[in-house]
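Values in this text are rule-based calculations from the coordinates and carry no lab data. These figures come from a predicted structure and were not determined experimentally. Methodologically, a virtual Cβ is constructed for each residue, glycine included, from the backbone with ideal geometry; neighbour enumeration extends over all protein chains shown.
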Amino acid sequence: MNKLLKLLVLAAMTASASLSSAALDVGSEVKNFAANDDTGEIWSAANHLGKKNIVVYFYPAAMTGGCTAQACSYRDYSTNLDEADAIVVGISGDSVKGLSLFKEANNLNFPLLSDPNGTIAQLFGVPTREGGSLEREINGDMHTFFRNLTTSRWTFIIGKDGKVIYKNEEVDAREDTSTVLAVLKENQ
């Protein structure tokens with residue numbers, strides 16, 4: 001599928017999801033959402049809903065201190081998350097290129113989704129604000145990371161039944177993974 005067609009399919013999927021849903025709370029059923037991942041391919045929740053627990057975490061900006069600590073913690077606890085029958089997906093307003101560099105620089109082992117217009121953030125009820133840019137050096141080269149918007153740091157767990165089993169609007173970036181693992185253990 002060419003890039004333009006992928007973008008059109010993605011726009012249709014997320015537009016229909018955002019029109020039919022309000023903010024998500026514990027107990028809410030999650031409709032499909034999809035976005036371009038860090039490779040530029042479309043990642044769709046429909047491929048995972050009902051099969052695994054899905055940890056969906058929104059973060060403000062790739063390559064910043066708290067966001068890097070949070071992402072690296074999810075990376076480091078991937079075996080524990082796998083044992084809890086869970087997958088992780090991170091979502092921000094960063095560009096696909098920025099997400100790709102962020103993933104590469106930190107050896108991340110889970111998908112990062114680009115939500116440049118805040119469609120998925122809106123579906124989940126996550127507040128957004130103006131975007132921005134920052135420069136970081138990776139492998140000796142300077143890169144500018146652009147994001148159309150900045151999302152608040154919120155975490156959700158979607159259970160295998162497709163319903164939200166956990167929602168945290170006051171996430172501590174460094175403790176997020178251990179909190180999520182405790183919730184997953186409680187809900188096994």
Toward the positive end of the charge dipole of the chain, about the Cα centre and with charges on Cβ (Lys, Arg +1; Asp, Glu -1), which of Val55, Thr79, Thr179 goes farthest? Val55
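Work out which GluC sites (Glu not before Pro) in the chain are exposed loop sites (DSSP not H, G, I, E or B, at most 14 other Cβ within 10 Å) and give the longest gap free of them.
42-168
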Over what distance in Å are the Cα centres of segment 98-154 and segment 24-68 separated? 13 Å
Would you calculate the separation in nanometres between label points at Ala69 and Glu29, each defined as 7 Å from the Cα along the Cα-to-beta-carbon direction? 3.9 nm
How long is the gain from Ser152 to Asn187 if the chain were fully straight, where each residue apart is worth 0.36 nm and the alpha carbon distance is subtracted? 10.0 nm
I need Cys67, Cys72 ordered by Cβ neighbour count within 10 Å, fewest first. Cys72, Cys67
For segment 35-130, build the convex hull from the C-alpha positions and give me its volume per residue in Å³. 95 Å³
Separation between the Ser133 and Glu83 pseudo-spin-labels, each 7 Å from Cα along Cα→Cβ, expressed in nm? 4.5 nm
Using +1 at the Cβ of each Lys and Arg and -1 at the Cβ of each Asp and Glu in the chain, identify which of Ala69, Thr150, Ser28 lies farthest towards the dipole's positive end. Ser28
Output needed: percent of Cα pairs per 5 Å distance bin for segment 3-186, bins running from 0 to the one holding the longest distance. 1, 9, 18, 22, 23, 16, 8, 3, 1, 0
Charges at C-beta only: +1 for Lys and Arg, -1 for Asp and Glu. How large is the resulting dipole of segment 92-149 about its Cα centre, in Debye rounded to 20? 140 debye
If you add up the charges near Asn80, with Lys and Arg at +1 and Asp and Glu at -1, over every other residue whose beta carbon is less than 15 angstrom from its beta carbon, what do you get? -4
Quick check: net charge around Val26, other residues with Cβ under 11 Å of its Cβ, Lys/Arg +1 and Asp/Glu -1? +1
